[in-house]
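Data first, discussion second: the structure below is written as structure tokens.
None of the figures in this text is laboratory data; all of them are computed from the coordinates on show. Remember, it's a predicted structure, so these values are computed and weren't measured experimentally. Counting neighbours? That spans all protein chains shown, and the Cβs are built from the backbone with ideal geometry, glycine included.
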Amino acid sequence: MKTALTIAGSDSGGGAGVQADLKAFSALGVYGMSVITAVTAQNTVEVRSVQMLDISIIRDQIAAIFEDLPVDAVKIGMLGSAEIVKNVAEELNKYKPKQIILDPVMVSKGGHHLLLTDAIQSLKEKLLPVVTLVTPNIPEAECLTNTKIENIEDMYQACRNLKELGAKSVLLKGGHLEGDPNDLFFDGMQFTWLKGKRIHTKNVHGTGCTLSSAITAYIAKGYSLQEAVKAGKSYITKAIQYSINIGSGHGPTHHFF
Ligand code: PLP
């Protein structure tokens, strides 16, 4: 059986973070493992509080997994602080998993900061150069590249800039721009558009986590990067189409559609 590891934050409401990642891995038939970096008290409405875990237990979780279990692909989600970024990067440099997908989680849809602003520089310096694929949305890419992204031309340029920063490949999600959510995949040489149709629903909690973990599962299963991002896009489209209308805020994506 193929395996995937998520290094991310816990969402008590089950819609995003580690919980979404493990659901996506399971739905795609991949054995899931998790390293929890932070615990959030959260539901469909809000992130109430966040507690980052001690560095020692984060490093121990990573070591416990890599010293015993096979890891076909790693997904990185919420990291929280510069200290956690640095330590996770050190551990990954030690165990050298072949495939690392980075979802540069920064702010929740409700506006709660999930990455301290002083950690952004560490993310750029320590993690971008070691990952196979980075999957920013528009605000995250703007933050990483220090540029405004307002149109398609800016999206091409942001992908090139992210490559300059060391990312081997980029999936820039276009959903924050007006119109249909078209995403731009850059494999370091060629660009491919992944076109979507906007689905009008309020239930979009955990969409970024779900997409990056679906891509990670497909990569673990042996899909090429290009095939994995295409399959991931169709997974997230269905996960939103069949999203679950629970809670009074943004309901979660569905993984078993
Ligand atoms: N909570 C955790 C632990 C996350 O990792 C994320 C996103 O990556 C979120 C919350 C935010 O989810 P959303 O912005 O989709 O509501």
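Note on the chain: dipole from Cβ charges, positive end direction compared against PHE256, VAL71, LEU133; the farthest Cα belongs to PHE256. Classification of region 161-257 by its C-alpha gyration tensor yields a prolate form. The axis ratio a/c (a ≥ b ≥ c) is 1.5 or more, and a/b outweighs b/c. Taking the DSSP beta bridges with both ends in region 3-241, the antiparallel portion is around 40 percent.
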